[in-house]
1. Expressed as a rounded percentage, what relative contact order does the stretch 5-114 have, with Cα pairs under 8 Å and six or more residues apart?
2. Residue separation times 0.36 nm, minus the C-alpha to C-alpha distance between H8 and S60: what's the value?
3. Amide H to amide H under 5 Å from F70: which residues, 5+ apart in sequence or cross-chain, H placed 1.01 Å off N in plane?
Amino acid sequence: MTRGFFAHGIQNLTPVESYKLCGEGAVIIDVRESYLNNFKMFGVDNVCYLPFSKLDKSFSDLPHDLPLIFADAVGLKSREAVLVMISHGYKNVYNMAGGIVDWERDGLPVTTEIGNRLTGSCMCQLKPREGIRRRAAGDRKK
């Protein structure tokens with residue numbers, strides 16, 4: 001059965017197709033770096049968090065016998081991850097086009113960790129929001 005759409009050497013799935021495939025045993029491999037996936041996460045049981053920066057060293061830990069759907073925020077690094085996996089001989093790999101942004105837009109389940117929200121005026125200054133408040137409160141008590 002053909003799923004999704006083929007573009008630039010990669011088989012892509014929509015978030016809805018990805019969700020349905022998870023119901024059939026596929027695993028979502030979330031390749032966002034840890035500071036990006038702490039707040040909103042894919043709300044399915046079969047998710048593996050493997051930052052793209054660690055993929056080249058840890059790809060062999062991923063199953064060969066299950067469909068693997070690579071995802072990130074919008075589908076860019078996950079596309080690169082699929083290319084890495086293909087270069088290592090994996091065949092049943094997909095890119096989730098649109099990532100968690102389109103996943104959430106499509107009304108699919110998302111889990112949020114409110115305590116892990118980030119704050120900062122730009123990406124280079126992101127810090128855990130709750131941690132900053134606790135430190136500030138602790139500093140005032142001294």
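1. The normalised contact order for the stretch 5-114 reaches 37 percent.
2. Using 0.36 nm per residue and subtracting the Cα-Cα distance, I get 16.3 nm.
3. Counting only residues 5 or more places away or on other chains, the set is I29, Y94, N95, M96.
Values in this text are rule-based calculations from the coordinates and carry no lab data. This is a predicted model, so every value here is computed, not measured.
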